[in-house]
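The values are calculated or read from the model by the stated rules, or taken from the named source; none is laboratory data. Predicted, not measured: the structure shown is a model, and the values here were computed from it. Cβ placement follows ideal geometry from the backbone for every residue including glycine, while neighbour counts extend to all protein chains displayed. Side chains are part of the model used for accessible areas, which takes the heavy atoms of the whole protein and leaves out ligands, DNA and RNA. Shrake-Rupley method; radii C 1.70, N 1.55, O 1.52, S 1.80 Å.
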Amino acid sequence: REKEARMALRPTADNLQKLMGVISACQRPEKNVREPAENQVLKLRQMPGYTTCMMTIATNGDVKIEARQFASIELKNTFRKYWQRRGNYFIPEEEKNTMKKAMLSERVFSINNTLVFRQLSFGLAQLARFDWPRKWGSLFPTLLKIITKGDELQINNGLHVLLEVLKILTQRRWMMQRQEFQKQSQPLLAVILPAWINTTKQLFDALKGGKEKVAVAVRIGHRSLAYLRCLKELAIYGIPNLDRSEHAQSLFQAFKEVLTVLMPLSRSIPRGHPLRDTLRSMVTCVMGTVIGAQKQHPLDFSRYLGPFVKFFTQTLSEPFDKDRELIFEKQTVMTVNLLSNVLSCPQYTSLSGSGLVFSATSGIQADPQAENRIRATLKQIFNNGFVSTLLNVAIYRLLLLKPSDIQEWEADSEDYAMELHNDKEMNIRSATHTLIEHLARVFPQVTCPVLMSAVNKLVKNNDIGKSLNERVVIKNALYR
């Protein structure tokens with residue numbers, strides 16, 4: 001340790017100037033200049049104090065932006081490689097503590113350069129992955145303080161960091177730290193949920209103000225979407241017992257209320273409008289939360305399932321515009337995928353071919369109340385009339401080739417077929433095909449008559465389609 005202290009890189013003016021020279025050389029196009037500098041950087045990474053110097057450069061507003069970007073990327077890479085005990089060198093504990101404190105400092109969250117801050121946020125998320133919760137218990141309380149008491153820039157940056165931290169924790173360590181994560185999620189939900197509701201109300205009020213309020217609405221919309229993306233991770237992974245949680249009840253009730261306003265707006269907003277992408281991202285984020293919660297908590301989420309299935313399915317009745325192009329393709333595909341997920345969920349049905357029959361090994365039997373609730377909910381949703389209507393919508397609307405499909409096929413049939421095969425999850429025809437397969441397995445007594453009726457009308461009665469082209473398109477849908 002004494003040797004390390006003597007060899008440490010301290011953020012003095014002289015050391016920083018030398019490091020700036022190395023950074024500049026790393027960005028030169030000449031190979032004979034760049035490669036020696038890059039090799040020197042690899043050695044510098046293994047010197048105590050290197051991350052402190054890089055942090056000083058990255059957060060210095062007087063330094064050229066290229067050097068700050070380089071320093072922020074170096075921090076992220078050094079954390080990933082040397083934070084844990086691997087090989088002969090790892091970052092000393094004292095330096096780690098300094099870095100964690102610096103990463104949550106006001107100076108970092110006041111950075112207004114997106115590229116620099118995003119790299120630092122990735123680095124901070126890496127530290128959360130390694131040290132939370134045992135060695136960094138102050139992480140979430142500090143982020144909450146920034147989000148609730150910071151200025152506009154700090155709040156936006158704080159929400160971005162929170163999202164990156166939530167994503168990396170839920171993706172890689174959620175199962176290991178599930179109880180602690182769920183415990184920490186409660187104070188986060190208590191702040192983020194009401195903040196999102198209030199911000200979304202402000203967004204709708206600003207939209208009523210016409211063109212004069214568009215700039216304000218765009219700024220508020222970005223904030224609302226940032227809150228919503230954090231809520232998605234918290235709802236899917238951070239709430240135990242969804243059916244009994246007050247946070248879950250408030251969240252999904254707010255979703256239903258907001259969607260009644262948001263869905264028509266997102267479908268009708270014209271191309272080129274500055275809020276089009278934001279509003280549509282909000283809709284798909286809500287749908288992603290519903291789909292994720294249903295997958296992660298199929299039994300508990302059954303309490304909220306019915307209203308969302310009915311609401312989203314209503315949009316399938318008019319999925320196309322006057323040019324037969326999908327009005328909101330991603331939302332339409334996600335709706336179809338939600339229906340497929342419900343029908344194929346092993347905790348819901350055994351897919352025995354005689355309707356919604358519960359599996360004896362599904363685990364539902366352990367909770368009779370959950371069993372009865374799910375049974376009633378699914379039978380209420382998937383009645384014969386609903387299934388028949390859904391099949392007709394699938395055949396005569398969703399499976400039909402669009403004009404753009406025909407153009408792409410005529411231009412290059414092999415590329416079109418390959419794209420259709422590789423993009424099954426987000427392609428409406430592939431998603432609809434999967435849904436019909438599930439409907440046929442679960443409801444053969446409804447599916448077969450509808451399919452045969454469509455075939456008979458086409459082959460015998462000859463009354464489907466006003467033109468040869470339309471008949472070919474419908475034949476293609478039936479063949480699928």
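So, in the range 20-30, exactly how many residues are surrounded by 15 or more Cβ atoms within 10 Å (Cβ to Cβ) and more than 38 Å from the chain's Cα centre (by Cα)? So the count comes out to 2.
The condition (being closer than 29 Å to Pro187 by Cβ and more than 22 Å from the chain's Cα centre (by Cα)) is satisfied by just one residue among Arg229, Arg244: Arg244.
As a summary of the residue check, Lys101 satisfies the conditions (1) buried (at least 17 other Cβ atoms within 10 Å of the Cβ); (2) closer than 27 Å to Ala195 by Cα; (3) modelled with pLDDT of 95 or more except for the one numbered (1). Every residue in the range 270-289 that is within 18 Å of Ala206 (Cβ to Cβ) and open to solvent by 20 Å² or more (accessible area, probe 1.4 Å), please. Answer for the range 270-289, where residues must be within 18 Å of Ala206 (Cβ to Cβ) and open to solvent by 20 Å² or more (accessible area, probe 1.4 Å): Pro270, His273, Pro274, Arg276, Asp277, Arg280, Ser281. Across the range 257-269, what is the number of residues that are surrounded by fewer than 14 Cβ atoms within 10 Å (Cβ to Cβ) and under 20 Å from Ala195 (Cα atoms)? Total satisfying the criteria: 2.
Restricting attention to the range 2-36 and to residues that are part of a loop (DSSP other than H, G, I, E, B) and closer than 19 Å to Cys53 by Cβ, the residue that is modelled with the lowest pLDDT turns out to be Ala8.
If you go through the range 236-249 one residue at a time, do you hit one that is assigned to a helix (DSSP H, G or I), of a type in the set (Asp, Glu), within 18 Å of Leu305 (Cβ to Cβ) and without any contact (Cβ under 8 Å) to a residue 24 or more places away in the chain? The answer is no, given that none of the residues of the range 236-249 is assigned to a helix (DSSP H, G or I), of a type in the set (Asp, Glu), within 18 Å of Leu305 (Cβ to Cβ) and without any contact (Cβ under 8 Å) to a residue 24 or more places away in the chain.
Of everything in the range 215-226 that is open to solvent by less than 10 Å² (accessible area, probe 1.4 Å) and free of Cβ contacts under 8 Å to residues at least 60 places away in the same chain, the residue that is nearest to the chain's Cα centre (by Cα) is Ser224. Applying the set (1) touching a residue at least 40 places away in the same chain (Cβ under 8 Å); (2) open to solvent by 20 Å² or more (accessible area, probe 1.4 Å) to Ala71 leaves exactly one unmet item: (2). Across the range 409-432, a minimum of one residue is classified as at pLDDT 85 or above, under 25 Å from Leu338 (Cα atoms) and in contact with a strand residue (DSSP E or B) (Cβ under 8 Å, 6 or more places away or on another chain). Looking at the range 175-191, can you tell me whether even one residue there is under 28 Å from Glu74 (Cα atoms) and open to solvent by less than 20 Å² (accessible area, probe 1.4 Å)? No, because not a single residue in the range 175-191 is under 28 Å from Glu74 (Cα atoms) and open to solvent by less than 20 Å² (accessible area, probe 1.4 Å).
On the basis of being modelled with pLDDT under 95, within 21 Å of Leu234 (Cβ to Cβ), assigned to a helix (DSSP H, G or I) and open to solvent by 10 Å² or more (accessible area, probe 1.4 Å), does Leu299 make the cut? For Leu299, the condition - modelled with pLDDT under 95, within 21 Å of Leu234 (Cβ to Cβ), assigned to a helix (DSSP H, G or I) and open to solvent by 10 Å² or more (accessible area, probe 1.4 Å) - is met. Among the residues making up the range 251-266, those that are within 18 Å of Leu326 (Cβ to Cβ) and either not in a helix (DSSP H, G or I) or not aliphatic (A, V, I, L, M) (or both) are Pro264, Ser266. The residues listed here are Thr332, Thr315; of these, the one that is of a type in the set (Ser, Thr, Tyr), surrounded by 15 or more Cβ atoms within 10 Å (Cβ to Cβ), at pLDDT 90 or above and touching a helix residue (DSSP H, G or I) at 6+ places or on another chain (Cβ under 7 Å) is Thr332.
When we screen Pro270, Pro307, Pro274 for residues that are of a type outside the set (D, E, K, R), farther than 30 Å from Ile406 by Cβ and outside any helix (DSSP H, G or I), the only hit is Pro274. Taken over the range 92-126, the criterion of being assigned to a helix (DSSP H, G or I), among the hydroxyl-bearing types (Ser, Thr, Tyr) and more than 18 Å from Gln69 (Cβ to Cβ) is satisfied by Thr98 alone.
For the range 209-233, a residue qualifies if it is under 15 Å from Leu262 (Cβ atoms) and β-branched (Val, Ile, Thr), and exactly one does: Ile220. If the condition is being open to solvent by less than 20 Å² (accessible area, probe 1.4 Å) and part of a helix (DSSP H, G or I), then the range 127-153 contributes Leu127, Ala128, Asp131, Leu139, Phe140, Leu143, Ile147.
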